[in-house]
Amino acid sequence: MKIHFVLLVSRQGKVRLAKWYSPYSQKERTKVIRELSGIILTRAPKLCNFVEWRGFKVVYKRYAGLYFCMCINRDDNELEILDIIHHYVEILDRYFGSVCELDLIFNFHKAYYILDEILIAGELQESSKRTVIRLIDVQDTIVEVAKEQASLVGNIIAQATK
């Protein structure tokens with residue numbers, strides 16, 4: 001099972017996250033986003049969460065104001081992809097404490113990092129929420145230590161140049 005791309009699109013059609021695991025030119029990416037946004041955003045809520053598109057299947061799920069979309073091959077398991085989407089949302093919820101669209105806008109690098117811990121090259125890498133959260137916490141600690149060290153170095157340089 002290979003995921004070709006992941007899109008997070010707001011109800012207004014704005015892309016909040018796009019991760020491409022298959023090669024698409026920038027022009028093609030723009031066209032894909034426009035096409036899929038038009039298809040998914042206009043679908044009735046009672047319809048199923050699978051769309052046949054260009055020989056692929058797009059599996060999506062709406063959480064609050066965001067549509068989480070993943071494109072897979074036509075013969076792949078849609079329910080497994082819905083589970084991966086839900087897994088990603090649960091980890092985002094656990095990390096941000098009830099994630100919202102603004103969390104993803106202002107902390108987009110964290111949303112990408114979490115996705116990269118779950119999926120590598122379009123394949124499920126880590127299915128344990130606990131492991132992903134632990135790895136993210138370790139990364140946050142490393143970033144904080146680096147910021148402190150940079151601040152100390154900046155203070156030393158400022159004092160030396162006085």
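Computed with a 1.4 Å probe on the full set of protein chains, the accessible area for His87 sits at about 20 Å².
Using only alpha carbons, the range 112-162 has a radius of gyration to Kirkwood radius ratio (Rg to Rh) of 1.30.
Averaging the Cα positions of each part gives two centres, and for the range 1-45 and the range 118-162 these lie 29 Å apart. For the chain, lysine pairs with C-alpha atoms less than 20 angstrom apart, excluding pairs fewer than eight positions apart on the same chain, total 18. Across every pair of non-identical alpha carbons in the chain, the mean reciprocal distance, once inverted, gives a Kirkwood radius of 17.3 Å.
Comparing Gln125, His87, Val145 along the charge dipole axis of the range 59-162, the residue lying farthest to the positive side is Val145, per the Cβ-charge model. The modelled label-to-label distance between His86 and Arg43, using points 7 Å beyond Cα along the C-beta direction, is 1.7 nm. Starting from one equal scatterer on each C-alpha and no solvent at all, send me the Debye-based log10 I(q)/I(0) for the range 77-159 at q = 0.12, 0.22, 0.25, 0.27 Å⁻¹, two decimals. Once normalised to I(0) and log-transformed, intensities are -0.45, -1.05, -1.24, -1.34. Looking at the chain, the accessible area is 58 square angstrom per residue; that uses a 1.4 Å probe and ignores ligands, DNA and RNA.
Between Gln125 and Asp140, the contour length at 0.36 nm per residue exceeds the Cα-Cα span by 3.4 nm.
The values are calculated or read from the model by the stated rules, or taken from the named source; none is laboratory data. Predicted model, so just to flag it, every value in this text is computed and none were measured. As a convention, Cβ positions derive from the backbone with ideal geometry for all residues, glycine included, and neighbour counts pool all protein chains shown. The area values use the complete protein model at the heavy-atom level, side chains included, leaving out ligands, DNA and RNA. Shrake-Rupley method; radii C 1.70, N 1.55, O 1.52, S 1.80 Å.
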